Amino acid sequence: MPTYIIFDLEFMVVRKHQHLADIIEIGAIKMTEQEGTLVMTDVFHSYVKPSRQYKLTPETTPFTGITQDQVDQAPSFPEALKAFQEWIGEAPYYLCAWGMDDKYQFIQHCRYHQISLDWLQNYNDLQLAFTRLHQSDHRQRIGLKRALDLLQLPFIGEPHRATDDAYNTAKIFLSIFPNIQLVTNNAAEDQLYVSEMVYSTGSEENHPFSKLAEMLGMAQ
């Protein structure tokens, strides 16, 4: 039986998008099938010490709630990733997240630290899967908060915290699991990986990055 890993990453907030934004938090929910029912069985959480810019930018703590003290005492990215891989375990697994950005960041960080991508397999974009089920225009993806609203599910916890976002994504996964076909893949075998902008949620009130845009003085 495969394991389903629903995860989320949080990053340092940076103004220059061409720069790699350090991963500063990893959160994940492990799900397995038990007697024909998908259930949450375990939780993973780790802060991550930034690799390239050690001091958090002024915008990072207001946006994520993550403090300088927390990342100063955290494991490095290679150490946190090793713990995450060990937690995932040896059973076959699917990695699932809301959008493609987390996969892109894992690829960038693994390349920077010269870590094999073999583990980054069977990645499924749940935002795309949910959008395909609920609207014909796949280019304008549905945000996490709106997806929960459509399912009449409350958001539990704090937005932009990795474990809370992963938990709420897992609730959506539970809802759509019978209606989606998961794909298999391996990042190490990709010929070319291009980052996608997956947070284009139009003019919805609960745009997931509206607060960040305000802080950075960006136009909506």
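Here, each number is a calculation from the coordinates, and none is a lab measurement. This is a predicted model, so every value here is computed, not measured. Cβ sites come from the backbone with ideal geometry, for glycine too, and all protein chains shown count toward neighbours.
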Anisotropy class of segment 3-216 from Cα gyration tensor, a/c 1.5 cut: rounded
Space enclosed by the convex hull of the alpha-carbon atoms of segment 102-184, per residue, Å³: 115 Å³
Ordering of 163-171, 177-185, 144-152 by burial proxy (mean other Cβ atoms within 10 Å per residue, highest first): 163-171, 144-152, 177-185
Pairs of Cα atoms farther than 13 Å apart, segment 87-131, %: 59 percent
Three principal axis lengths of segment 57-129 [C-alpha, angstrom, descending]: 38, 28, 22
Spin-label pair TYR104/THR61, simplified geometry with 7 Å Cα→Cβ offset, distance in nm: 2.9 nm
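Find the Cα radius of gyration of segment 8-89, compare it with 2.2 N^0.38 Å by division, and give the number to two decimals.
Ratio of Cα Rg to 2.2 N^0.38 Å: 1.27.
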Net +/- balance of residues flanking GLN68 in space, Cβ distance below 12 Å, scoring K and R +1, D and E -1: 0
